[in-house]
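To keep things clear, I will list the structure first and then write my remarks on it.
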Amino acid sequence: MILTDGLTRRFGATVAVDDVSLEIADGEIFGLLGPNGAGKTTTLRMLAGLIGVSSGRAVVAGLDVTDPSQAREVRRLVGVLPEEAGLYGDLSAVRTLDFFGRLYRMSASSRSERTEVLLTRLGLWERRDDPASTLSKGLKQRLALARALVHDPQVVLLDEPTANLDPEAAAVVRDVLLDLKAQGRTVVVNTHRLEEAERVCDRVGILRSRLLRVGTPHDLRIAMTQTHTIVIDLEKVRDSDLDVLRGLGAEAVVVTGNRIELALASGTTTSADLVAALVAAGARVSGVAAAQESLEDAYLTILGDLA
Amino acid sequence: MILADVLTIAGKDLSVIRHRRSIMAALVLFPLLVGLGLPLVLVFAGRGKGGVPADVLPTLLTSFQFFFVTGAATLPTAIAAYSFVGEKIERSLEPLLATPVSDIDVLLGKALAAVVPSVVSMWVGMTVFMTVADVESHGKLDYWFFPNATAGISMLLLVPLVALVSAEVSVLVSARSTDVRSAQQLGTLVVIPFAALYVASEIGAITLDPGPMLALAAGLVVVAVALFFAARAVFNREEILTRWT
């Protein structure tokens with residue numbers, strides 16, 4: 001579990017992370033979203049016990065990361081995937097995991113066993129003896145993920161784990177995240193890929209130095225989307241039909257052939273109300289669809305509100 | 001300090017260094033070329049005039065053996081530049097620092113990986129040099145010049161201490177360098193005072209007797225300790241992750 005209370009980090013006069021308070025449960029995948037320079041990496045580094053905090057408190061796996069005497073133990077319980085894979089180009093996958101396993105005080109047998117499990121799971125077993133420098137970007141990222149997981153950490157902190165990965169490699173990483181969740185691990189993911197956050201994260205937090213919003217992707221989408229789009233297909237569009245729709249609050253009404261696209265303010269008229277009114281006015285409705293607003297829309301709305 | 005962690009990091013760095021041809025060439029060729037090359041001076045100097053006079057030989061041989069102290073200042077720089085700046089460029093320090101290993105163990109492990117091969121290389125070179133020089137000079141001196149106290153102090157005290165100082169300077173240089181070559185070039189400046197001592201001994205301005213050599217070793221211990229604290233201040237997680245850019 002992760003708990004932060006007023007977590008703040010300043011670099012000189014710049015406040016990188018400002019008063020962040022949140023609680024992340026065991027077995028939860030939490031996504032941190034935010035533009036570049038929003039403080040996502042700094043937040044992860046503080047949670048990993050890599051850098052100090054200016055004020056506030058953070059508890060990771062029951063240990064206070066702000067207590068220097070516990071920072072070492074925090075690092076033992078946490079697996080970190082930095083934004084850059086940062087591999088040793090001359091070392092093979094096996095040597096890389098063996099090296100890090102030693103630093104986590106794993107026995108030779110558990111290092112060997114864990115290496116095989118992870119490299120097989122991440123599709124690297126066939127390339128296990130190749131120098132890391134010869135691996136593709138996707139395979140390097142998988143190896144970096146294996147390195148973060150070699151000691152079977154309770155808490156996993158991932159900084160842009162699928163950035164610039166091809167869809168196949170991104171899917172493998174996503175599957176591993178879901179495996180971790182199933183094993184009850186706490187996972188924090190920094191990501192720019194909103195569709196990915198939507199797919200794997202139980203909750204997301206939108207960060208821009210301060211934590212602007214926290215919620216499930218669905219809740220954020222609903223709460224932050226001020227209008228929703230509805231598409232109605234009629235057998236024939238008449239001017240009177242458009243008047244009916246406008247009378248019910250429809251905005252941005254666009255007619256294309258027999259299709260009407262319109263926007264409705266959230267929490268007012270529903271699509272059912274529109275259909276009922278159209279039918280009552282004599283229109284013949286052949287289809288209705290509500291366009292799904294994305295997390296990206298919500299994200300941009302939240303950031304836009306503060307711009 | 002946890003010795004196992006220090007050795008693990010040093011072992012990893014050594015295995016990476018093994019793949020660097022330029023460093024391996026320097027570690028192998030430098031001692032052999034110098035170890036065999038310096039005695040050749042005895043063979044060719046004063047050729048046709050009876051060679052190097054016997055009364056000059058002790059001063060010359062003592063100066064020559066000090067050349068290896070100078071060499072000990074050069075090699076760790078090449079290795080440490082790869083070890084520190086190379087990791088900085090490859091961004092591989094952050095994953096290392098994310099492990100439970102302490103900063104000091106990382107620093108010591110990397111320093112060890114820079115110092116040990118350099119010292120071994122210089123020891124091999126000195127052994128070759130002393131053996132060949134003894135063979136060359138025995139006819140004139142009527143005794144085996146090496147080993148002696150001065151050479152012992154050079155090998156066992158000065159070479160390791162100079163290599164350590166060189167590695168520590170490299171850590172400080174690496175904190176501000178963004179490429180391996182510039183780190184190597186800046187780091188090699190540490191060789192200047194030792195090269196100056198070598199030249200001074202060659203021209204007879206100073207005598208490399210055991211007394212001055214021990215005094216030099218004592219001075220180097222002080223410098224090494226001071227540099228260690230300076231390197232430790234520079235090499236910490238916070239500094240590396242937020243300022244080593």
Quiz item: Can you pull the mean other chain C-beta count within 10 Å for peptide A:96-108?
Solution: 4
Exercise. Mind checking which of B:Val221, B:Val169, A:Gly12 is farthest towards the positive end of the protein assembly as shown's charge dipole, using Cβ charges of +1 (Lys, Arg) and -1 (Asp, Glu) about the Cα centre?
Key: B:Val221
Practice problem: Take each of the peptides B:143-153, A:200-210, B:61-71, average the number of other beta-carbon atoms within 10 Å over its residues, and list them starting from the highest. | Solution: B:61-71, A:200-210, B:143-153
Quiz item: How large is the charge dipole for chain A, taken about the Cα centre, if only the Cβ atoms of Lys, Arg (+1) and Asp, Glu (-1) carry charge, to the nearest 20 debye?
Solution: 980
Quiz item: From the residues A:Ala276, A:Ala263, A:Leu220, which one has its Cα farthest along the dipole of region A:198-290 in the positive direction, the dipole being from +1 and -1 charges on Cβ of Lys/Arg and Asp/Glu about the Cα centre?
Solution: A:Leu220
Quiz item: Any idea what the dipole of region B:3-243 comes to, in debye rounded to 20, about its Cα centre with Lys/Arg Cβ at +1 and Asp/Glu Cβ at -1?
Solution: 500
Quiz item: Between region B:136-204 and region B:48-62, what's the alpha-carbon centroid distance in Å?
Solution: 23
Practice problem: Determine which lysines satisfy two conditions relative to B:Lys49: a Cα distance under 24 Å, and not lying fewer than 8 residues away in the same chain. | Solution: B:Lys140
Quiz item: Nearest 0.05, what FRET efficiency do A:Glu126 and B:Arg21 give at R0 = 30 Å with Cβ-Cβ as r?
Solution: 0.60
Quiz item: Averaged over peptide B:99-106, how many Cβ atoms belonging to another chain are found within 10 Å of each residue's Cβ?
Solution: 5
Quiz item: For the pair A:Val231 and B:Thr131, how long in nm is the line joining their label points, each one 7 Å along Cα→Cβ?
Solution: 8.5
Self-check item: Exposed trypsin sites (Lys or Arg not before Pro) absent: longest stretch of chain B, with sites in DSSP loops and at most 14 other Cβ within 10 Å deemed exposed
Solution: B:92-175
Practice problem: Extending each Cα 7 Å along its Cβ direction at A:Ser133 and B:Asn236, get the distance between those two points in nm, one decimal. | Solution: 3.4
Quiz item: Can you pull the Rg over Rh of chain A, Cα-only, Kirkwood?
Solution: 1.12
Quiz item: Taking 0.36 nm per intervening residue step and subtracting the Cα-Cα distance, what contour gain separates B:Leu40 from B:Leu7 on full extension?
Solution: 8.0 nm
Practice problem: Take each of the peptides B:73-84, A:46-57, average the number of other beta-carbon atoms within 10 Å over its residues, and list them starting from the highest. | Solution: B:73-84, A:46-57
Quiz prompt | Whichever lysines have a C-alpha closer than 23 Å to that of B:Lys88, once near sequence neighbours (fewer than 8 apart) are set aside | solution = A:Lys40, A:Lys137, A:Lys140, B:Lys12, B:Lys110
Quiz item: Can you give the Kirkwood hydrodynamic radius for chain B, in Å, rounded to one decimal and based on Cα pairs?
Solution: 18.9
Quiz item: Using unit Cβ charges (K, R positive; D, E negative) and no other charged atoms, how large, in debye to the nearest 20, is the dipole of region B:53-110 about its Cα centre?
Solution: 80
Exercise. Taking the convex hull of the Cα atoms, report for the protein assembly as shown its projected area averaged over all directions, in nm².
Key: 34.0
Exercise. Can you figure out the FRET efficiency of A:Ala263 with A:Asn36, using R₀ = 41 Å and their beta-carbon distance, to the nearest 0.05?
Key: 0.85
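Every number in this text was worked out from the coordinates using simple rules, so none of it is lab data. Every value quoted in this text rests on a predicted model; they were computed, and no experiment measured them. Glycine also receives a Cβ, built like all others from the backbone with ideal geometry; neighbour counts cover every protein chain displayed.
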